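Data block below; observations after.
The values are calculated or read from the model by the stated rules, or taken from the named source; none is laboratory data. Owing to the predicted nature of the structure, the values given are computational and were not obtained by experimental measurement. When we count neighbours, we look across all protein chains shown, and the Cβ atoms used for this are built from the backbone with ideal geometry, even at glycine. Note: areas computed on protein heavy atoms with side chains; ligands, DNA, RNA excluded. Shrake-Rupley method; radii C 1.70, N 1.55, O 1.52, S 1.80 Å.
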Amino acid sequence: QVHLVESGGGLVQPGGSLRLSCAASGSIFSIYAMGWYRQAPGKQRELVARITSGGSTNYADSVKGRFTISRENAKNTVYLQMNSLKPEDTAVYYCHSSWREYVYWGQGSQVTVSS
């Protein structure tokens, strides 16, 4: 069992930056692939960024060059650095972990980009 807790969301102006953190507990963090998903009102949840246990990353086209996912296994934490934020980045951001058939979600953190 893995328990995920997100933090770092909030309100930011267009062009600004935020860093989301996801702290994991309950299992061997380093073996899990970790990811960030987001869901805007009226839209489906979508993958934003993912990082494997080996450190390989992939990103949604809409965030490439602006967002960076990273992990710090010693702290059981994964981060999402978001720069050059746009109003269309407004959504609830969810932390996600997976290993074989085991999948876990955080409770979500609201990010609002507005002037």
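Hey, what did the chain get for relative contact order, percent, Cα under 8 Å, at least 6 apart? Walk me through the intermediate numbers first.
Values: 275 pairs, mean separation 41.5, N = 115.
The normalised contact order for the chain reaches 36 percent.
Write out the trypsin sites (Lys or Arg not before Pro) in the range 18-115 meeting two conditions: DSSP loop, and at most 16 other Cβ atoms within 10 Å of their Cβ.
Listed in order of number, the matching sites are Lys43, Arg45, Lys64, Arg66, Arg100.
Would you list which lysines come within 22 Å of Lys43, measuring only between C-alpha atoms, while excluding same-chain residues fewer than 8 positions from it?
In chain and number order, the partners are Lys64, Lys86.
Ignoring ligands, DNA and RNA, what percent of the accessible area of the range 5-97 is carbon or sulfur (1.4 Å)?
Ligands and nucleic acids excluded, carbon and sulfur give 48 percent.
Averaged per residue, what accessible surface does the chain expose to a 1.4 Å probe, in Å²?
52 Å²
If I histogram all Cα-Cα distances within the chain using bins 10 Å wide from 0, what percent of pairs lands in each bin?
Calculated over all Cα pairs of the chain, the distribution is 15, 51, 28, 6, 0 percent.
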